[in-house]
1. Answer yes or no: is there a residue in segment 167-180 that is modelled with pLDDT of 90 or more and of a type outside the set (Val, Ile, Thr).
2. Kindly indicate whether residue 80 is modelled with pLDDT under 95, surrounded by fewer than 17 Cβ atoms within 10 Å (Cβ to Cβ) and among the β-branched types (Val, Ile, Thr).
3. For segment 136-190, which positions are assigned to a helix (DSSP H, G or I) and β-branched (Val, Ile, Thr)?
4. In segment 191-218, which residue that is under 13 Å from residue 162 (Cα atoms) and in a loop (DSSP other than H, G, I, E, B) is nearest to the chain's Cα centre (by Cα)?
5. Please work out if residue 89 is crowded, with 17+ Cβ neighbours inside 10 Å, at pLDDT below 95 and under 19 Å from the mean Cα position of the chain (by Cα).
6. Kindly establish whether residue 159 is surrounded by fewer than 22 Cβ atoms within 10 Å (Cβ to Cβ), at pLDDT below 95 and within 16 Å of the chain's Cα centre (by Cα).
Amino acid sequence: MSILSLQNVSKDYLSDGQRVEALKGLSLEADRGAFVALVGRSGCGKSTLLNLAGAMDFPTSGQVLVEGISTSSLNDAALTRLRREKVGFIFQSFQLLHTLTVFENVELPLLLAGEARAREAARERLEWVELKGLGDRYPHQLSGGQMQRVAIARALIHSPSLILADEPTGNLDTTTGNVILELLRRLTREQNTATILATHSLEAAALADRVARMRDGKIEEIVER
């Protein structure tokens, strides 16, 4: 069973009274261990696809399945559980809380969920992203690459089956960005997750197992690496 399955998905919006087709009948599958890149210009539908995959929004038609469950069929409580337990989000701007230490940022999702294992899990995730010993620092004391490592550790804190990364290297220089992508690819395989990466960069996409080229709300082709 695929971790993520988008089946003939379309998404429409109203803008100034006009219907805008953000996604147009696209389909995509991602199994455990898969590292899939979405490539295309701004406005092609990459972020909309990620929002649907993470149950932050819902398709106008078609189905989005996470571990075989249709997101459109879930009530609010079930959606919250799915996002909290099954999906890890990584953003371009890191989204760290600057009043909290690195360690506190990483353990926060589990603390909010009332998990007793938060401290142990945070320590383990920081080792995964090679930040052992930096847990007491604050975000402003870190480099951009280190902050993105913290964000990755936080995304992995609840052992999600699906990672959604929206331009995670957009604020980083090329060398640091490549290191982050290699780390993300390695963790995808080691933790047996499915990772969907949205990027403008063909260089970044080259690290993926599969590249879905998007244009005008459609997937034009899927290239296997």
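The values are calculated or read from the model by the stated rules, or taken from the named source; none is laboratory data. Remember, predicted model here, so these are calculated numbers, not experimental data. Cβ atoms come from the backbone with ideal geometry, glycine included; neighbour counts cover every protein chain shown.
1. No; the residues of segment 167-180 include none that is modelled with pLDDT of 90 or more and of a type outside the set (Val, Ile, Thr).
2. yes
3. If the condition is that a residue be assigned to a helix (DSSP H, G or I) and β-branched (Val, Ile, Thr), then 150, 152, 174, 175, 176, 179, 180, 188 are the ones that fit.
4. Going residue by residue through segment 191-218, those that are under 13 Å from residue 162 (Cα atoms) are 191-197.
Checking the rest, the ones that are also in a loop (DSSP other than H, G, I, E, B) come to 191-193.
Values: 191: 14, 192: 14, 193: 11 Å.
Residue satisfying both the conditions and the ranking: 193.
5. Working: crowded, with 17+ Cβ neighbours inside 10 Å: yes; at pLDDT below 95: yes; under 19 Å from the mean Cα position of the chain (by Cα): yes.
Criteria met by residue 89.
6. So residue 159 fits the description; yes.
Residue by residue, here is whether (1) touching a Gly at 6+ places or on another chain (Cβ under 6 Å); (2) surrounded by 14 or more Cβ atoms within 10 Å (Cβ to Cβ); (3) closer than 17 Å to residue 216 by Cβ holds:
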site: 14; (1), (2), (3): no, no, no
site: 28; (1), (2), (3): no, yes, yes
site: 38; (1), (2), (3): no, yes, yes
site: 49; (1), (2), (3): no, yes, yes
site: 56; (1), (2), (3): no, yes, no
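Residues checked against (1) out of contact with any Phe, Trp or Tyr (no Cβ under 8 Å at 6 or more places or on another chain); (2) touching a residue at least 60 places away in the same chain (Cβ under 8 Å); (3) over 28 Å from residue 112 (Cα atoms):
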{"site": "127", "(1), (2), (3)": "yes, no, no"}
{"site": "130", "(1), (2), (3)": "yes, no, no"}
{"site": "140", "(1), (2), (3)": "yes, no, no"}
{"site": "146", "(1), (2), (3)": "yes, no, no"}
{"site": "188", "(1), (2), (3)": "no, yes, no"}
{"site": "200", "(1), (2), (3)": "yes, yes, yes"}
{"site": "210", "(1), (2), (3)": "no, yes, yes"}
